[in-house]
Amino acid sequence: MATVTKAPAKKATPKASNDQAEQSNPAVSVQPILNQQKSAPAPLQRFGTVSQRLPIGLEENVRQESVDMLNLLLADTCSLRDMYKKHHWQVVGPTFYQLHLLYDKHYEEQDALIDQIAERIQILGGIAVAMAADIAETTSIPRPPRDREEAPIQVSRLLEAHQIILKNCHEFAKRAADSGDDGTNDLIVSNVMRTNELQVWFVSEHVVDSPLAQAE
Ligand SMILES: [Fe+2]
């Protein structure tokens, strides 16, 4: 009778630990290196300069003038956008719901303008201001208090901010047209100016002098 020799049972290999898997796979073993900005070489581009990298048919001085104008418009638009959200949260009174919704709609529309202005700056070879502290240093719109204010005061503040932006739009659009930067002229007139004018209409029509609690 033939003897059947049983093959020794295969020793179960222990499951590789997560640590071992990570060590054997460089894709997951690389650790992010933090604080690289502290020893970084020179930045890719300094703020305030314009690059001629994109071939869009505009001279450096034209790009520089447009970038400077657009950064002012960008900072003011960021301020107005944020003022709309502040007022959206803090509005009070008999027109609460209307203004609450209207302010948020205008916030979204200003936010869309911000992206268009900033991307125009990048197309021109400039660098868009982005962070809150830089916006605060650049904007010409007066800073509202942290306090909660009455609806008529909110409306007044918003209309004043719109007017600052619109006055700049008229000046900047003309300068962009004169220098031959038609794209910037078009952005300012067709988008920024038209949006702000429309919003001024919607906000201004809330300025009514009618008794709400007691008939005259
Ligand atoms: Fe909300």
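The values are calculated or read from the model by the stated rules, or taken from the named source; none is laboratory data. Nothing here was measured: the structure is a model prediction, and the numbers come from that model. Cβ atoms come from the backbone with ideal geometry, glycine included; neighbour counts cover every protein chain shown.
Tabulated data
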quantity	calculated
Single residue of the stretch 91-143 satisfying the filter (part of a helix (DSSP H, G or I) and among the hydroxyl-bearing types (S, T, Y)) that is nearest to the chain's Cα centre (by Cα)	Y107
Matching residues in the stretch 79-123 - criterion: being of a type in the set (S, T, Y), surrounded by fewer than 17 Cβ atoms within 10 Å (Cβ to Cβ) and more than 14 Å from the ligand (Cβ to nearest atom)	T95
Test: residue in the stretch 111-122 that is under 22 Å from E150 (Cβ atoms) and either out of contact with any Pro (no Cβ under 7 Å at 6 or more places or on another chain) or at pLDDT 95 or above (or both)	no
Among the candidates A215, A151, residue that is at pLDDT below 95 and either of a type in the set (S, T, N, Q) or crowded, with 17+ Cβ neighbours inside 10 Å (or both)	A151
Which numbered condition D68 misses (of (1) of a type outside the set (A, V, I, L, M); (2) modelled with pLDDT of 95 or more; (3) within 16 Å of the ligand (Cβ to nearest atom))	(3)
From L74, L58, residue being part of a helix (DSSP H, G or I), under 28 Å from C169 (Cβ atoms) and either away from the ligand (no atom under 16 Å from the Cβ) or out of contact with any strand residue (DSSP E or B) (no Cβ under 6 Å at 6 or more places or on another chain) (or both)	L74
Test set (1) in contact (Cβ under 8 Å) with a residue 60 or more places away in the chain; (2) away from the ligand (no atom under 16 Å from the Cβ); (3) within 30 Å of R46 (Cβ to Cβ) - H162 fails condition number	(3)
Pairs where the first residue, in the stretch 91-105, is touching a residue at least 24 places away in the same chain (Cβ under 8 Å) and the second is within 14 Å of the ligand (Cβ to nearest atom) and outside any helix (DSSP H, G or I), C-beta under 6 Å, 6+ apart	L99/V91
Subset of the stretch 127-148 (residues that are touching a helix residue (DSSP H, G or I) at 6+ places or on another chain (Cβ under 7 Å) and closer than 29 Å to F96 by Cβ)	I135, T139, I141, P144, R148
Candidate set from the stretch 188-209 (those that are more than 25 Å from G93 (Cβ to Cβ) and either hydrophobic (A, V, I, L, M, F, W, C) or touching a residue at least 12 places away in the same chain (Cβ under 8 Å) (or both)); member that is surrounded by the most Cβ atoms within 10 Å (Cβ to Cβ)	I188
